[in-house]
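Asks: Here it is: the structure, laid out below.
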Amino acid sequence: MNRSIFSTVCAVVLTAAAVFASSFTVADNKVVSDFKLKNVDGKLVSLKDFPDAKGFIIVFTCNHCPFAKLYPPRLNALNDQYKKLGVPVIAISSSDTVLYDEDSYPKMVEKAREEHFNFPYLYDNQQTAVRNFGAQKTPHAFVVWKENGKWVVKYNGAIDDNGADPSKVSHRYVADAVDALLAGKEVAARKTRSIGCQINLRK
């Protein structure tokens, strides 16, 4: 499938998905716990490894989902823009690898190398992080901010409003939330609907 046909198909599917997307269960100002997960470089990563961080852009994603495949360049750009300001990107894959072999840890390592990820890509094989955050789709983004020593969710939902065509994005939800927080302001849009593949939680 060539790129133009793929983009058209994605646009149609994204539009349909927006209509049927379910409402979020993540509460305003939800406090999330730290985690310690294996990165694609083999090292364990947790939020406390970033002592100077003001907040994080945490994105639940995976290898297999067509929607998630649209975003690696944008995640690299977000990390380039905000890591130096104290708000790094962390990506997490919580996919059920029994259902999706493409999301196995070795293939995560390959994906990160091929896509030149400039951010951690963590393997949530026990699905502890996804349950903690309440992520539902891939990709599902969270902006968390440090308040009184705790990590508080200030935004959750879509990364932006056009997965299929970055040039047609009119609302950069994650970037807008981070910009507001860095300026000491309230986040205008605290929740949006994440569009993508359902994250299947194991029983």
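Asks: For a 19 Å ceiling on Cα separation, which of these pairs sit above it: 54/84; 69/137; 83/107; 154/203; 83/137; 69/154?
Replies: Details: 54/84 11 Å; 69/137 13 Å; 83/107 26 Å; 154/203 29 Å; 83/137 24 Å; 69/154 25 Å.
Exceeds cut-off: 83/107; 154/203; 83/137; 69/154.
Asks: Over the chain, what is the percentage of antiparallel beta bridges among all DSSP beta bridges, to the nearest 5? Kindly include the intermediate steps, with their values, before the conclusion.
Replies: Details: 21 of 30 bridges.
So the antiparallel bridges amount to about 70 percent of the total.
Asks: Which of the listed residues, 126, 33, 189, is farthest toward the dipole's positive end in the chain, when Lys, Arg count +1 and Asp, Glu count -1 at the beta-carbon?
Replies: Going by the Cα projections, it comes out as 33.
Asks: Still on this structure: Tell me the mean residue ellipticity at 222 nm calculated for the chain from its helices only (DSSP H runs of n ≥ 4, each -39500 (n - 2.57), averaged over every residue, nearest 500).
Replies: Calculated mean residue ellipticity at 222 nm is -8000 deg cm²/dmol.
Asks: Rg and Dmax in Å for the stretch 46-144, alpha carbons only: what are they?
Replies: Calculated on Cα positions, Rg and Dmax stand at 12.8, 38 Å.
Asks: Return the Cα extents of the chain along principal axes one, two and three, sorted largest first, each rounded to a whole Å.
Replies: Cα extents, longest axis first: 49, 36, 33 Å.
Asks: Residues of the stretch 36-50 with the amide nitrogen closer than 20 Å to a label point 7 Å from the Cα of residue 98, along Cα-to-Cβ, please.
Replies: So the set is empty, nothing qualifies.
Asks: If I take R0 = 35 Å and measure r between the Cβ atoms of residue 76 and residue 150 in this structure, what FRET efficiency does the formula 1/(1 + (r/R0)^6) give, to the nearest 0.05?
Replies: Details: r = 29 Å, r/R0 = 0.81.
Computed FRET efficiency for residue 76 and residue 150 comes out at 0.75.
Asks: Multiply the residue separation of residue 43 and residue 115 by 0.36 nm, subtract the distance between their alpha-carbon atoms, and state the gained length in nm to one decimal. Display every interim value, and only then the final one.
Replies: Working: separation 72, 0.36 × 72 = 25.92 nm, distance 1.92 nm.
Extra length available between residue 43 and residue 115 comes to 24.0 nm.
Asks: Taking the Cα centre of the chain as origin, work out the dipole magnitude from +1 charges on Lys and Arg Cβ and -1 charges on Asp and Glu Cβ, in debye rounded to 20. Provide the component values of the computation, followed by the final result.
Replies: Values: 27 positive and 21 negative charges, 73 e Å.
It works out to roughly 360 debye.
Asks: If the cut-off is 15 Å between C-alpha atoms, which aspartates and glutamates fall inside it for residue 191, apart from same-chain ones fewer than 8 positions away?
Replies: 28, 160, 161, 176
Rule-based calculations on the coordinates, nothing more; no lab input. Just so we're clear, the structure is a prediction, and the values are computed from it rather than from any experiment. Note that we place each Cβ from the backbone using ideal geometry, even for glycine, and neighbour counts take in every protein chain shown.
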